[in-house]
Amino acid sequence: MRQLRFAWKALLILSGWFVRNLGIVVAATFLAGVPSWAEETNADQPQNPGRRGVSFGVPTADKNPFTAGKWTLVSYGSAAVGKTSRRVYAGHLGLGYYMIDGVSINLEGAGYFIDQTNDTGAGAVGLLPRWHYLQGDNWSVYVDGGAGIIYSDKRMGDSGTHFNFTLQAGLGMTYSLSERIMPITGFRWFHISNARIKGEERNVGFDSPMFYLGVMMPF
C-alpha cells in the first residue's frame with residue numbers, strides 16, 4: 001500500500017505542477033499567436049516563411065493529426081529501473097481515437113520482461129487518455145496517464161502475485177516527419193502492485209521513472 005500511495009502522490013504532484021503552470025502556458029501561447037494574427041490582417045506586409053505557429057490544444061492546420069474523429073497507431077519501447085534490483089522493459093502497441101481536438105483515448109497492449117531474481121515475462125493492457133496541450137506546425141507536447149492490468153508468468157518477487165495493476169502518468173512530445181510518421185519520446189512515473197488483494201505481505205510493488213521512445217502513425 002505504501003508503494004500505491006507513493007504513486008498517487010507522484011501523480012498528484014505532477015497534476016499540481018501542471019495546474020500551477022497552466023496560466024503561464026496559456027499566456028505564452030496567446031503572445032506567440034499575436035504576431036501571426038497581425039501578419040494575417042495586413043496582406044501588404046511580407047510574411048516570414050520560417051515562422052511556426054503555436055496553438056493550445058487546438059489544430060493549427062486542416063491536416064492536424066490530433067483533430068476530433070481521427071485515429072492513431074502508436075508503437076514504442078520503454079525501460080524502467082526501480083530503487084530495488086528489479087528492472088522492467090517493455091514493448092507497447094496502442095490504438096488511439098481523438099474524442100475532441102487534441103484529446104485522445106488510447107487502448108494499449110504491452111509485452112514485458114521483468115528482470116528480477118526469478119526473471120519473468122508478462123502481458124498487460126490499459127487505457128491511457130492523452131492531451132496534446134501545446135502544438136506547433138510539426139510538433140506537440142502532451143500529458144498522458146492511465147491504469148491497466150498486468151499478468152506475469154512468474155510471481156512479482158518471491159512472495160508477490162501473478163496478477164497486478166499498473167498506474168502511470170507523465171509528459172511526452174511528438175515531432176512530425178511526414179503526415180504518417182511521428183517519432184515520440186517521453187517520461188512517465190510507472191507503478192505495479194496488486195493493491196493488497198492478497199494481503200500486505202504479498203503486495204510486492206514496483207515504482208520507477210519510465211523512459212520511452214517510439215513512433216506514432218496517424219490515419
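For Leu177 and Lys154, calculate 0.36 nm times their separation in residues minus their Cα-Cα distance, and state this gained length in nm to one decimal.
So the chain would gain 4.2 nm between Leu177 and Lys154.
Tell me the label-point distance for the pair Lys63, Leu107, using the 7 Å Cα-to-Cβ offset, in nm and rounded to one decimal.
Computed distance between label sites Lys63 and Leu107 equals 3.0 nm.
Amide H to amide H under 5 Å from Thr120: which residues, 5+ apart in sequence or cross-chain, H placed 1.01 Å off N in plane?
The answer is Ile114.
Subtracting the Cα-Cα distance from 0.36 nm times the residue separation, let me have the gained length for Ile100 to Asn118 in nm, one decimal.
Between Ile100 and Asn118, full extension yields 2.1 nm more.
At a Förster distance of 30 Å, what's the computed FRET efficiency of Arg196 paired with Arg87, Cβ-Cβ distance as r, to 0.05?
0.80
FYI, it's all coordinate maths here, none of it is from the lab. This structure is a prediction, so every number in the text was calculated from the model and none was measured. Glycine also receives a Cβ, built like all others from the backbone with ideal geometry; neighbour counts cover every protein chain displayed.
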